[in-house]
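The values are calculated or read from the model by the stated rules, or taken from the named source; none is laboratory data. This is a predicted model, so every value here is computed, not measured. All accessible areas refer to the heavy atoms of the entire protein, side chains included, with ligands and DNA or RNA removed. Shrake-Rupley method; radii C 1.70, N 1.55, O 1.52, S 1.80 Å.
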Amino acid sequence: KRDLHTLPYFSKIDWNAVTAALAEIGYTGDFTFEATEFITPLPRALALPGAKMMVATGRHLMGKILG
């Protein structure tokens, strides 16, 4: 019903289940997420740390998929 566009782990999606399923099928394609609602409200001084957190989160999830 609703698309949050936020950073993984900031919603009700079970990312452990998602990454486990992708790892199980040997997924090696693109892995993207749209997180504008996470970064847009941040003050300018927090934009870069917020972006770095987005990158770290993506790398964490990819590591769970690729092992």
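Helix 15-24 axis versus longest C-alpha principal axis of the chain: approximately 40°, rounded to the nearest ten. For the chain, the relative contact order comes to 48 percent (Cα pairs under 8 Å, sequence separation of at least 6). Taking every protein chain into account, the accessible area of the chain amounts to 77 square angstrom per residue (probe 1.4 Å). Note on Thr28: accessible area is roughly 120 Å² with a 1.4 Å probe, heavy atoms of protein only. For the chain, find the longest principal axis of its Cα atoms and tell me its angle to the long axis of helix 44-66, 0 to 90°, nearest 10. Helix 44-66 sits roughly 0 degrees off the main axis of the chain. Solvent-accessible area of the chain (1.4 angstrom probe, protein heavy atoms only): carbon and sulfur portion equals 59 percent.
Sorting Leu46, Leu66 by solvent-accessible area of protein heavy atoms yields Leu66, Leu46, largest first, with a 1.4 Å probe.
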